[in-house]
Each structure stands twice: as C-alpha cells, then as structure tokens.
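Enquirer: Dropping a structure here in structure tokens format, bear with me for questions.
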Amino acid sequence: MELIGASVKKLPISGAGPTSAVASYAAHASDVIEEAVKDIDVSGWRILIVLPKMKERTDGGVYVDPALLEKEKLAACVGYVAKVGPDAYSDKRKFPTGPWCKEGQWILFKSYSGTRIQSRVGGIELRILNDDTVEGVIHDVTKYTRV
C-alpha cells in the first residue's frame, strides 16, 4: 500500500503482519493512515508509530472477543514508523552508529510502552515512543508473533 505524504512511506500489503496466538494483524488503508497522522508533528526525540489493525475474525471465521482484542492492542510490541521527530537519534554519544530505525520500517518495542492515542479517523491506534525505546527493526513482520 502506498502512503502519500512527505514523511510517511509504504505500509506492507494488506493481510501481512505479525500474528499472536489469538489475533492477527493487517495493514490499514493508506488514505486512512495518511489522514490519521497528517495533523501530528512529533517533537524532539520522539517517534510516531502506527499499530497494525486487529482482525476481528480468525482465519477460520470465528469472531474474537472484543475484550481480548483490546488486551492484544495494549500489549502490542510491533509498529510501523510513520514519523520521526527532528531530534530523534541526534545524540552522537547515545547513538554512535546512527539511527536505530527510520520512517517506513516495522519496529519492535516493549509491550505497553509509549503514549497511546487513537485517531477518530478509522479508529487507528498510534503510539508516540522515545527514540531509545526501539528494540529492533523487523524486516519481515510475517515471520514473527508476540508471545
């Protein structure tokens, strides 16, 4: 999917994404994401993350309990980097090898971390994380699951 906007790159094809034992994720529609993040300017060393959309049904067609979906969203540890603040990764002593991630990448971060906000456009959940909260970059999110 193509995301239009100066600071938002590509989101993987719909249906791709990590899965957990109880829920799986998909990409949001690109126009909805663009609308959800366009009015947010992250400040300082922060990073704006788009959480993957939770599928409300399993691959077998069974509906997932809404309370369980909410728990899965809360515990999410994978997200898509939509925007990076102007000071992110600028401290050469703290990040001597350069940025740990960049816009357009899927990242791994600790569950329950960051400031949670939900866009009124499409109900997309966003997180604002500090640059040093990133624990790694995931090159193929379809190969991993939260446990």
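Enquirer: For region 109-132, which positions are assigned to a strand (DSSP E or B) and either closer than 18 Å to M54 by Cβ or among the small types (G, A, S) (or both)?
Expert: Within region 109-132, F109, R116, I117, Q118, E125, L126, R127 qualify.
Enquirer: Going by the conditions given, is R93 surrounded by 12 or more Cβ atoms within 10 Å (Cβ to Cβ) and at pLDDT 90 or above?
Expert: No: the conditions fail for R93.
Enquirer: Has region 116-132 got any residue that is among the polar types (S, T, N, Q) and closer than 21 Å to A29 by Cβ?
Expert: Checking region 116-132: at least one residue is among the polar types (S, T, N, Q) and closer than 21 Å to A29 by Cβ.
Enquirer: Oh, and also: Scan (1) surrounded by 13 or more Cβ atoms within 10 Å (Cβ to Cβ); (2) closer than 20 Å to V32 by Cα; (3) out of contact with any Gly (no Cβ under 9 Å at 6 or more places or on another chain); (4) not basic (K, R) for the single condition V81 breaks and write down its number.
Expert: Answer for V81: the failing condition is (3).
Enquirer: Name every residue in region 77-90 that is modelled with pLDDT under 95 and assigned to a loop (DSSP other than H, G, I, E, B), in order of residue number.
Expert: Answer for region 77-90, where residues must be modelled with pLDDT under 95 and assigned to a loop (DSSP other than H, G, I, E, B): just C77.
Enquirer: Provide a single number: the residues in region 133-147 that are assigned to a strand (DSSP E or B) and either under 25 Å from D41 (Cβ atoms) or basic (K, R) (or both).
Expert: Looking only at that region, the number is 3.
Enquirer: Now, a different point. List the number of the failed condition for P99; all other conditions in (1) surrounded by fewer than 20 Cβ atoms within 10 Å (Cβ to Cβ); (2) under 21 Å from D31 (Cα atoms); (3) at pLDDT 90 or above hold.
Expert: P99 satisfies all of (1) surrounded by fewer than 20 Cβ atoms within 10 Å (Cβ to Cβ); (2) under 21 Å from D31 (Cα atoms); (3) at pLDDT 90 or above except (2).
Enquirer: With respect to L68, is the statement that it is surrounded by 11 or more Cβ atoms within 10 Å (Cβ to Cβ) and either of a type in the set (S, T, Y) or part of a strand (DSSP E or B) (or both) true?
Expert: Spelling it out, it is not the case that L68 is surrounded by 11 or more Cβ atoms within 10 Å (Cβ to Cβ) and either of a type in the set (S, T, Y) or part of a strand (DSSP E or B) (or both).
Enquirer: Does V64 meet the test of being in contact with a strand residue (DSSP E or B) (Cβ under 8 Å, 6 or more places away or on another chain), modelled with pLDDT of 90 or more and either within 21 Å of A29 (Cα to Cα) or of a type in the set (A, V, I, L, M, F, W, C) (or both)?
Expert: Criteria not met by V64.
Enquirer: Going through region 36-57 one residue at a time, which ones are among the aliphatic types (A, V, I, L, M) and either buried (at least 17 other Cβ atoms within 10 Å of the Cβ) or at pLDDT below 90 (or both)?
Expert: Hits for region 36-57 are A36, V37, V42, I47, L48, I49, V50, L51, M54.
Enquirer: Where residues in region 20-35 are touching a strand residue (DSSP E or B) at 6+ places or on another chain (Cβ under 7 Å) and not in a loop (DSSP other than H, G, I, E, B), which of them is modelled with the highest pLDDT?
Expert: I33
The values are calculated or read from the model by the stated rules, or taken from the named source; none is laboratory data. Given the structure is predicted, the values throughout are model-derived calculations rather than measurements. With ideal geometry, Cβ positions are generated from the backbone for all residues, glycine too; neighbour counts draw on all protein chains shown.
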